[in-house]
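Report on one structure; see the data block that follows.
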Amino acid sequence: GQQVMQIPQYQHVQEGEDFTTYCNSSTTLSNIQWYKQRPGGHPVFLIQLVKSGEVKKQKRLTFQFGEAKKNSSLHITATQTTDVGTYFCVTADFNKFYFGSGTKLNVKP
Amino acid sequence: SAVISQKPSRDICQRGTSLTIQCQVDSQVTMMFWYRQQPGQSLTLIATANQGSEATYESGFVIDKFPISRPNLTFSTLTVSNMSPEDSSIYLCSVVGHNEKLFFGSGTQLSVL
């Protein structure tokens, strides 16, 4: 499957600070998805990006797909304790879905 | 959206035994996926299960160790065979719903002693 590197592995922030996680691929991606997994839970779909340079927003979350479709980012503005969890980028390859290594976010109140 | 019922939610098993995990979906789906998530790690795709055909396994996973059944479009099982402590993990089934979103079962936390 497609290999995507995700950084950072961990991020600890104070509530109110911003947070960004990045996914990088050595190959061009057809699309990229983002999921959030709360502690003890299963991954939940957040967004799908398809177009080169695409930017989508969901309240405090901003998702970007690189112009070359080889990288993507998720930015959270003014984190809250409810943002705690692990964020995964996911790539699709021949109808199979492969997870990035994930970024675990901890938010201190 | 798709609702997936997965069981058991957790089990503690002895080395050398086998465990079968079941997933029931509330709608007909073509493809079902089985993932493994080791402690503190990401999800690793084990295999893709299509109804009416053999499951397709990813590199590092074999049918003898992880046999899969897919008797119809709403149900699948994954068996973890001849278990060892290294098989301790969370196992998740998943389906592709509308707009290529993945939906997951609640997972099976397996501990092998």
Original post:
Counting other Cβ atoms within 10 Å, which chymotrypsin sites (Phe, Trp or Tyr not before Pro) in the range A:71-107 have at most 16 and lie in a DSSP loop?
Top reply: A:Phe94
Original post:
Which shape class, rounded, prolate or oblate, goes with the protein assembly as shown when its Cα gyration tensor gives a ≥ b ≥ c as root eigenvalues, a/c under 1.5 marks rounded, and past that a/b bigger than b/c marks prolate?
Top reply: prolate
**OP:** Please label the shape of the range A:26-109 as rounded, prolate or oblate, based on the square roots a ≥ b ≥ c of the eigenvalues of the alpha-carbon gyration tensor (a/c under 1.5 means rounded; beyond that, a/b larger than b/c means prolate, else oblate).
**Re:** oblate
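Stretch B:Thr56-B:Gln28 to full length: gain in nm at 0.36 nm per residue minus the Cα-Cα span? Each step should come with its number before you reach the end.
Working: separation 28, 0.36 × 28 = 10.08 nm, distance 1.93 nm.
Roughly 8.1 nm would be gained on extension.
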Subject >> For the range B:67-72, 3J(HN,Hα) per residue [Karplus equation, 6.51 cos²θ - 1.76 cosθ + 1.60, θ = phi - 60°, Hz, x = Gly/Pro] >> reply: x, 10, 10, 8, x, 8
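Counting only DSSP beta bridges with both residues in the range A:4-108, what percent are antiparallel, rounded to the nearest 5?
Taking every DSSP beta bridge within the range A:4-108, about 90 percent pair in antiparallel fashion.
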Subject >> Under-5 Å amide H pairs with A:Asn31, H placed in peptide plane, nonlocal only >> reply: A:Ala92
Original post:
Within straight cross-link reach of B:Lys7, meaning Cα distance under 20 Å, which lysines are found once same-chain residues fewer than 8 apart are removed?
Top reply: B:Lys65
Original post:
Which lysines, on any chain, are close to A:Lys70 with Cα under 22 Å apart, when same-chain ones fewer than 8 places away are left out?
Top reply: A:Lys36, A:Lys51, A:Lys56, A:Lys57, A:Lys96, A:Lys104, B:Lys101
Subject >> Residues in the range A:34-53 occluded by at least 20 Å² - accessible area, probe radius 1.4 Å, against chain by itself >> reply: A:Tyr35, A:Gln37, A:His42, A:Pro43, A:Phe45, A:Gln48
**OP:** Give a residue-ordered list of calculated ³J(HN,Hα) values for the range A:21-27 (Karplus: 6.51 cos²θ - 1.76 cosθ + 1.60, θ = phi - 60°; whole Hz; x for Gly, Pro).
**Re:** 10, 10, 10, 10, 10, 7, 10
Original post:
What's the center-to-center distance, using Cα atoms, between the range A:1-50 and the range B:44-113 in Å?
Top reply: 23 Å
Subject >> Accessible surface buried once B binds A (1.4 Å probe; total of both sides; Å²) >> reply: 1500 Å²
**OP:** With no solvent and one equal point scatterer per Cα, compute the Debye intensity ratio I(q)/I(0) for chain B at 0.23 Å⁻¹ and report its log10, rounded to two decimals.
**Re:** -1.36
**OP:** Counting only heavy atoms of the protein chains, get the accessible area per residue of chain A (1.4 Å probe) and round it to a whole Å² value.
**Re:** 50 Å²
Subject >> Apportionment of accessible area to carbon and sulfur, the range B:9-85, percent (1.4 Å) >> reply: 46 percent
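The values are calculated or read from the model by the stated rules, or taken from the named source; none is laboratory data. None of the values given here were measured: they were computed from a predicted structure. Don't worry about glycine lacking a Cβ; one is built from the backbone with ideal geometry, like all the others, and counts go over all protein chains shown. Note: areas computed on protein heavy atoms with side chains; ligands, DNA, RNA excluded. Shrake-Rupley method; radii C 1.70, N 1.55, O 1.52, S 1.80 Å.
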